[in-house]
Every structure is written in structure tokens, then in C-alpha cells.
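Notes for the one structure printed next.
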Amino acid sequence: MQGLACGIPCVVSGFRLQDELDGIVYLENLEPETIAKTIQRAVEEKLWVDVNKLKQSYSWETRVNEIENVYSFALKYRLL
């Protein structure tokens, strides 16, 4: 996330994000050749990072609102 916040494309492994973000390239596997090719592709394609979209999606305010919604839902249906 820190790299993306600075406008730097990132090569990542693991789970895909629910909301696809520009500037993220996912590794299909962790073989050294795959990693090298993926990094090379990210550099050559000069991937775009939408920093404003990232800030909106992952700001503290957005996260607080999401957590409040979860608690409101839980209280409404007496899940807590």
C-alpha cells in the first residue's frame, strides 16, 4: 500500500483485492522466473497508479465508516 500511495506500481503475491486497483500486478506463482518476468512487465508497461482513488478507498475515514456500518448492522439484528 505504501508504494501505491507514492504512485509506484507494486508486484504482489497472495490474495487478490476485492476491488481491483490500478498499479497492482499479481504474481501467479513464486517461481524466480515468474517474479522476474512480472517485475519486468510492470516496469516496461509503466503502470498507472490512481493515487486519489487509493486515498478514497483506504482512508481512515472510509475505514471508520465501514466499521460503524458493521456495528450498526450487528446491533440492529442483535448480533452482538
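Contact order, relative form, for the chain: 29 percent (alpha carbon pairs under 8 Å, 6 or more residues apart, mean separation divided by residue count).
Comparing Leu30, Leu21, Leu47 in a Gaussian network model of the chain where C-alpha atoms under 10 Å apart are linked, the largest mean-square fluctuation is found at Leu30. Largest GNM mean-square fluctuation among Ile35, Ile24, Ile67, using the chain with Cα springs under 10 Å: Ile67. Binning all Cα-Cα separations of the range 2-76 at 5 Å, short to long from zero, yields these whole-percent fractions: 3, 14, 19, 18, 16, 10, 8, 6, 3, 2, 0. Taken along the Cα-to-beta-carbon direction at a fixed 7 Å, the label points for Lys46 and Val12 span 2.4 nm.
Net charge dipole, the chain: roughly 320 debye, given to the nearest 20, about the Cα centre with Cβ charges of +1 for Lys and Arg and -1 for Asp and Glu. Exposed loop sites are taken as trypsin sites (Lys or Arg not before Pro) in a DSSP loop (any state but H, G, I, E or B) with at most 13 other beta carbon atoms within 10 Å; the longest stretch of the chain without one runs 47-77.
What do you get for GluC sites (Glu not before Pro) in the range 1-68 restricted to DSSP loop and a cutoff of at most 11 other Cβ within 10 Å of the site's Cβ? Before the final figure, lay out each step's value.
Working: sites: Glu20, Glu28, Glu33, Glu44, Glu45, Glu61, Glu66, Glu68; in loops: Glu20, Glu28, Glu45.
Passing sites in the range 1-68 are Glu20, Glu28, Glu45.
Under the combined filter of DSSP loop state and at most 10 neighbouring Cβ atoms within 10 Å, the chain retains these chymotrypsin sites (Phe, Trp or Tyr not before Pro): Phe15, Trp48, Tyr77.
Candidates Thr62, Ala36, Asn52 compared by Cα position along the dipole of the chain: farthest toward the positive end lies Thr62, with charges placed on Cβ.
Springs join every pair of Cα atoms under 10 Å in this Gaussian network model of the chain, and among Asn52, Asn69, Asn29 the largest mean-square fluctuation is at Asn69. In this structure the amide hydrogen of Ile24, modeled in the peptide plane, comes within under 5 Å of the amide hydrogens of Cys10, none closer than 5 places in sequence on its chain. Exposure proxy for Thr38, Thr62: other Cβ atoms within 10 Å of each Cβ, ordered fewest to most, give Thr62, Thr38.
Read the figures in this text as sums done on the coordinates, not as results from a lab. These numbers were taken from a predicted model, which means no experiment stands behind them. Backbone-built Cβ (ideal geometry, glycine too); neighbour counts: all protein chains shown.
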